1. Under 9 Å between Cβ atoms, at least 6 apart or on separate chains: pull out the pairs that start in the range 313-330 with a residue that is assigned by TED's automatic domain parsing to the domain that holds PHE279 and modelled with pLDDT under 90 and end on any residue that is small (Gly, Ala, Ser) and not in a helix (DSSP H, G or I).
2. I'd like the full set of residues that are in a loop (DSSP other than H, G, I, E, B) and either among the aliphatic types (A, V, I, L, M) or modelled with pLDDT of 85 or more (or both), limited to the range 91-107.
3. Mind listing whichever residues of the range 149-183 are farther than 13 Å from GLU93 by Cβ, assigned to a loop (DSSP other than H, G, I, E, B) and basic (Lys, Arg)?
4. Within the range 235-288, how many residues are over 25 Å from TYR336 (Cα atoms) and of a type in the set (Val, Ile, Thr)?
5. Say we look at the range 300-312 and pick out the residues that are among the aliphatic types (A, V, I, L, M) and either surrounded by fewer than 11 Cβ atoms within 10 Å (Cβ to Cβ) or out of contact with any helix residue (DSSP H, G or I) (no Cβ under 9 Å at 6 or more places or on another chain) (or both); which of these is modelled with the highest pLDDT?
6. Return the residues of the range 199-254 that are over 30 Å from GLY275 (Cβ atoms), among the small types (Gly, Ala, Ser) and either assigned to a helix (DSSP H, G or I) or within 23 Å of the chain's Cα centre (by Cα) (or both); say none if nothing qualifies.
7. From THR286, THR219, grab the single residue that is in contact (Cβ under 8 Å) with a residue 24 or more places away in the chain and of a type in the set (Val, Ile, Thr).
8. Any idea which of PHE58, PHE94 is assigned by TED's automatic domain parsing to the domain that holds SER155, within 25 Å of the chain's Cα centre (by Cα) and among the aromatic types (Phe, Trp, Tyr)?
Amino acid sequence: MAISAGPIHFLLFSILISLTIFSVSSDPDTDLISELISLQSGSESGVIHLNDLSVSRFLISTKTPRSYSLLVFFDAVQLHDKSELHLQDLRREFGILASSFVVNNANGSSLSHGKLFFCDIEFKESQSSFALFGVNSLPHVRLVGPTAANLKDESLQMDQGDFSRMAESMAEFIEAKTKLTVGPIHRPPLLSKKQLGFIAVFVLIWTPFLIKKILAGDTLLHDRKIWLSGAVFVYFFSVSGAMHNIIRKMPMFLVDRNDPNKLIFFYQGSGMQLGAEGFAVGFLYTLVGLLLAFITHVLVRVKSVKTKRIFMLVALSVSFWAVKKVIYLDNWKTGYWVHGFWPRSWN
């Protein structure tokens, strides 16, 4: 008796469905990836917050190779006040990197080599995880690849130089260590649309009054005292190294490691300059500049020769003392001392 085609097709279709369901359910990473995607979607920046339990679930209890990678940022809230570590800035840049990666790879076109998730771990919450990774200093970022079983030895650590350009440097690290493409970094605008609208309305309202004052010559830009104060400020800003302190985000002072009650305002070593050092040198240079301006613009108008000589001697003495202090500080920091070489016949 011939078997009809209908039951055969139904049997083959049932077998195919069963094999598909079995293959999906047999993949242990499917549920984990779904959970990671859910956690990523619930995060504002796309960074998944991990603890000891979730580290064990996503990294330790799983079999290798995994079908996903984790880029982990190690944080410590109690060290956020240490400005030299820049933990808050780096964490913010890490969030910008994560959100940019999620936006740029929303269609999954560049994820053919595996999925990448951005995570962070806090020290007080996950001290065991810090020990598993062997993290004993911050800032610290680790890339846990699909084949990494030993978190300490087989994960890739980001070098300190990779933090120099913030999110851009982190993106280069990811692209160098993986086959993934991060894409452009999307930074939030400095001002929101509401703030820009408020500024525009404010400018429109005050524009007629401002034009009237400009035509009448009654503005701050027409005041000589404002220009004088601005010139002194620019001079002080230039000679004090304030721009260096802003770019490098250098602290004004440090706490002595040997004595927590003692503050260090001057750091010996040419590779580092504290804010207090720059302000001290800037004050001395500004003092010399103001004395020079006083001599060349004010003292020359004084008619009394005796008064001129007294003020000239005082100005020269103070200027000599200020320059000597600056040279001494430079010599103390660098270890290079300038001294005179006299002819042998003078000895």
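1. Going by the 9 Å Cβ cut-off, the qualifying pairs are ASP330/SER270.
2. ALA106
3. LYS152, LYS179
4. 3
5. Checking each candidate, the answer is ILE310.
6. ALA200, ALA216
7. Matching residue, one of THR286, THR219: THR286.
8. PHE94
The values are calculated or read from the model by the stated rules, or taken from the named source; none is laboratory data. As the structure is a computational prediction, the values presented were derived from the model and not from experiment. All Cβ positions, glycine included, derive from the backbone under ideal geometry; neighbour counts span all protein chains shown.
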